[in-house]
Amino acid sequence: MKIKTKRYYVYYFLKAVGFIFSILPIKLGLRLADLAGKLGFVIMEKERRRSLENLRSAFPEKTDAEVEGIAKGVFSNLCKNAVEWVSVYKVNKKNIDRWVKVEGLEKIDRVFSRGKGGIILGSHFGNWELLHVTFLLKGYHGTTIARRLYFDKYDEFLSNARVSTGVGIIYRDESPKKLLRLLKQNKLIGILGDQDVDSVDGVFVDFFGKPAYTPKAPVAFSLASGAPLIPCFVIREGNRHRLVIEEPLEMEKKSDRDETIRFNTERWSRLVEAYIRKYPEQWVWMHRRWKTKPDEFSKK
């Protein structure tokens, strides 16, 4: 009961803070978010410790000062993401180019010309929540696969915010047939696949030199529908962003289905790793990416 009550307090506190930031000029909000990120780095001990541990493991060549600098940037980026999200109602077709510069929309058009839809493969990188907003304002409608949050108020808040931007939502625990129907109708679906979620089917692939449990869903949907995977990255560049649309990935067939899924999952995972290596402060290093161990998983 105490935990549930605390969640309500946190929920209403965050709503109040979100409202304040939503009415501030965005540049001022981002400056304050940077300060909030630095404060969060100090007071959020568990997240700070996990971020530093993960960064040291991924970048053994970096000094402690470099690792700490990256970690502080991670906290700052996440706070800036939050400020931009509560201010997203300010974005429209007329000013979207001032928020996000898009590179590679012609690749989406080529995918549509095939008539099998496309799977936008995002990751918890940069400001990933701007992905579907940008596509929508550029005239590309789609549906995002979302995970239900453990507290209904948090889930309701995030879902309402997403729906208010015009994006469709299908929850991960709903029938996959809904997604396949959308792809058959030549629509876009969006999925984030770069986290360790042991409640979904996954496969272990190399990620920063260690086996990381990674969802099969992106590749499985591509194989079932014929829709290519389209890796996309929203890179923060100061107070603006650059959305890079990579070349669509066609599935390479291997000896059997399991190997095909593992091989292609590792393909897109390597691309995600390459972007993180280039912009390490823009990924969520406090996430327990290597939580699931191969030996422990095999015993289930």
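Test Ile261 against the stated conditions and say whether it is in contact with a His (Cβ under 7 Å, 6 or more places away or on another chain) and crowded, with 17+ Cβ neighbours inside 10 Å.
Details: in contact with a His (Cβ under 7 Å, 6 or more places away or on another chain): no; crowded, with 17+ Cβ neighbours inside 10 Å: yes.
Considered against the rule, which asks whether it is in contact with a His (Cβ under 7 Å, 6 or more places away or on another chain) and crowded, with 17+ Cβ neighbours inside 10 Å, Ile261 comes out as no.
Got a sec? Which strands (runs of 3 or more DSSP E) wholly within segment 119-201 have at least 3 residues that are modelled with pLDDT of 90 or more and surrounded by 17 or more Cβ atoms within 10 Å (Cβ to Cβ)?
Values: elements: 142-146, 168-171, 188-192.
Answer list for segment 119-201: 188-192.
Please go through segment 17-28 and give me each residue that is in contact with a helix residue (DSSP H, G or I) (Cβ under 8 Å, 6 or more places away or on another chain) and either at pLDDT 95 or above or within 30 Å of Arg289 (Cα to Cα) (or both), ordered by number. If you could, list the steps in order and put the result at the bottom.
We begin by selecting, within segment 17-28, every residue in contact with a helix residue (DSSP H, G or I) (Cβ under 8 Å, 6 or more places away or on another chain); these are 18-19, 21-22, 24, 26.
Answer for segment 17-28, where residues must be in contact with a helix residue (DSSP H, G or I) (Cβ under 8 Å, 6 or more places away or on another chain) and either at pLDDT 95 or above or within 30 Å of Arg289 (Cα to Cα) (or both): just Gly18.
Could you grab me the full set of residues in segment 30-53 that are in contact with a helix residue (DSSP H, G or I) (Cβ under 7 Å, 6 or more places away or on another chain) and under 19 Å from Trp85 (Cβ atoms)? Walk me through it before giving the result.
Taking segment 30-53 and keeping what is in contact with a helix residue (DSSP H, G or I) (Cβ under 7 Å, 6 or more places away or on another chain), we get 30, 33-34, 36-38, 40-41, 48, 51-52.
Matches in segment 30-53: Leu30, Ala33, Asp34, Ala36, Gly37, Gly40.
On the given criteria, is Phe221 touching a residue at least 60 places away in the same chain (Cβ under 8 Å), assigned to a helix (DSSP H, G or I) and more than 15 Å from the chain's Cα centre (by Cα)? It would help to see each step written out before you state the result.
Numbers: touching a residue at least 60 places away in the same chain (Cβ under 8 Å): yes; assigned to a helix (DSSP H, G or I): yes; more than 15 Å from the chain's Cα centre (by Cα): yes.
Considered against the rule, which asks whether it is touching a residue at least 60 places away in the same chain (Cβ under 8 Å), assigned to a helix (DSSP H, G or I) and more than 15 Å from the chain's Cα centre (by Cα), Phe221 comes out as yes.
State yes or no: is Arg270 more than 30 Å from Glu66 (Cα to Cα) and modelled with pLDDT of 95 or more? Walk me through it before giving the result.
Numbers: more than 30 Å from Glu66 (Cα to Cα): no; modelled with pLDDT of 95 or more: yes.
It is false that Arg270 is more than 30 Å from Glu66 (Cα to Cα) and modelled with pLDDT of 95 or more.
Scan Trp99, Trp85 and give me the residue that is in contact with an Asp or Glu (Cβ under 6 Å, 6 or more places away or on another chain), at pLDDT 85 or above and not acidic (Asp, Glu). Show your work before the answer.
Values: Trp99 fails: in contact with an Asp or Glu (Cβ under 6 Å, 6 or more places away or on another chain).
That would be Trp85, the only listed residue that is in contact with an Asp or Glu (Cβ under 6 Å, 6 or more places away or on another chain), at pLDDT 85 or above and not acidic (Asp, Glu).
Can you tell me which of Arg288, Arg236, Arg242, Arg267 is touching a residue at least 40 places away in the same chain (Cβ under 8 Å), surrounded by fewer than 18 Cβ atoms within 10 Å (Cβ to Cβ) and outside any loop (DSSP other than H, G, I, E, B)?
Working: Arg288 fails: outside any loop (DSSP other than H, G, I, E, B); Arg236 fails: surrounded by fewer than 18 Cβ atoms within 10 Å (Cβ to Cβ); Arg267 fails: touching a residue at least 40 places away in the same chain (Cβ under 8 Å).
Result: Arg242 is the single residue among Arg288, Arg236, Arg242, Arg267 that is touching a residue at least 40 places away in the same chain (Cβ under 8 Å), surrounded by fewer than 18 Cβ atoms within 10 Å (Cβ to Cβ) and outside any loop (DSSP other than H, G, I, E, B).
Report those helices (runs of 4 or more DSSP H) wholly inside segment 15-104 carrying at least 2 residues which are polar (S, T, N, Q) and buried (at least 20 other Cβ atoms within 10 Å of the Cβ).
Numbers: elements: 26-43, 45-58, 64-86, 96-99.
Here the list reads 45-58, 64-86.
The values are calculated or read from the model by the stated rules, or taken from the named source; none is laboratory data. This structure is a prediction, so every number in the text was calculated from the model and none was measured. Here the Cβ is made from the backbone with ideal geometry for all residues, glycine too, and neighbour counts use every protein chain on show.
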